Amino acid sequence: MQTKRCKQVGELLKTEVSRIIRTRLNDPRVGFVTITDVVVSKDLRYARIFVSVLDESRAQESVAALQGAHAFIQNELTGSVRLRFLPVLQFSPDTSWEKHARIDRLLFEIERDGVEQKKR
């Protein structure tokens, strides 16, 4: 569970990193990405940034390009974010939609099996 301060810093980083990617990062490998979540460590030293990529076939390439540009993004953040310590950024693909789809599929199967048993 994240503290209130971790959540605040996460939201700030989400907004600013999104802005930097959209306006300052000119890497065609990144493509169209959306920052879905930012999880900040309790000591505010590390931040894991989860990204969703429009073209799923290029997800790993986009995340690798963002990870390669993390020094540039960190440098841009120093000018726009005022924190005692700027968290070290790590980019990860967001696979939560896959988990949600699997849960939806399982719930549908359970519901279907329940209806079939009632018919018997």
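The values are calculated or read from the model by the stated rules, or taken from the named source; none is laboratory data. In this text, all values refer to a predicted model and were calculated from it rather than measured experimentally. Using ideal geometry, Cβ is built from the backbone for each residue, glycine included, and neighbour counts are taken over all protein chains shown.
Cβ-Cβ below 7 Å, separation at least six or inter-chain, first residue in region 3-25 and touching a residue at least 12 places away in the same chain (Cβ under 8 Å), second surrounded by fewer than 18 Cβ atoms within 10 Å (Cβ to Cβ) and of a type in the set (K, R): which pairs?
T3/K42; C6/K42
Only one residue in D27, D37 is within 22 Å of K99 (Cβ to Cβ) and acidic (D, E). Which one?
Exactly one residue qualifies, and that residue is D37.
Of the residues that sit in region 1-41 and are of a type in the set (G, A, S) and over 14 Å from the mean Cα position of the chain (by Cα), which one is nearest to V63 (Cα to Cα)?
It comes out as G31.
Is one or more of the residues making up region 9-23 modelled with pLDDT under 90 and either loosely packed, with under 14 Cβ neighbours inside 10 Å or of a type in the set (K, R) (or both)?
The answer is no, given that none of the residues of region 9-23 is modelled with pLDDT under 90 and either loosely packed, with under 14 Cβ neighbours inside 10 Å or of a type in the set (K, R) (or both).
So V30 ticks every box in (1) at pLDDT 90 or above; (2) touching a Ser or Thr at 6+ places or on another chain (Cβ under 6 Å) but one. Which box is left unticked?
Here V30 meets the rest and fails (1).
Mind telling me which of the residues L83, L107 ends up being among the hydrophobic types (A, V, I, L, M, F, W, C) and outside any helix (DSSP H, G or I)?
On inspection, the qualifying residue turns out to be L83.
Can you list residue pairs whose Cβ atoms sit under 8 Å apart, with the first residue in region 35-56 being closer than 10 Å to K14 by Cβ and the second being of a type in the set (S, T, Y) and assigned to a loop (DSSP other than H, G, I, E, B)? Count only pairs 6 or more apart in sequence or on different chains.
A47/S41
Looking at V9, V51, which one is out of contact with any helix residue (DSSP H, G or I) (no Cβ under 6 Å at 6 or more places or on another chain), of a type in the set (A, V, I, L, M, F, W, C) and part of a helix (DSSP H, G or I)?
Only one candidate qualifies: V9.
Taking the condition more than 17 Å from V81 (Cα to Cα) and among the small types (G, A, S), does S62 pass?
yes
So in region 63-113, with the set limited to residues that are charged (D, E, K, R) and surrounded by 13 or more Cβ atoms within 10 Å (Cβ to Cβ), which one is farthest from the chain's Cα centre (by Cα)? Steps first, please.
Step one: of region 63-113, the residues charged (D, E, K, R) are 76, 82, 84, 94, 98-99, 102, 104-105, 109, 111-113.
Retained after the next criterion (residues that are surrounded by 13 or more Cβ atoms within 10 Å (Cβ to Cβ)): 76, 94.
On the way: E76: 19, D94: 5 Å.
Of everything passing the filter in region 63-113, E76 is farthest from the chain's Cα centre (by Cα).
Among (1) in a loop (DSSP other than H, G, I, E, B); (2) loosely packed, with under 12 Cβ neighbours inside 10 Å, which single condition is L44 missing?
Condition not satisfied by L44: (2).
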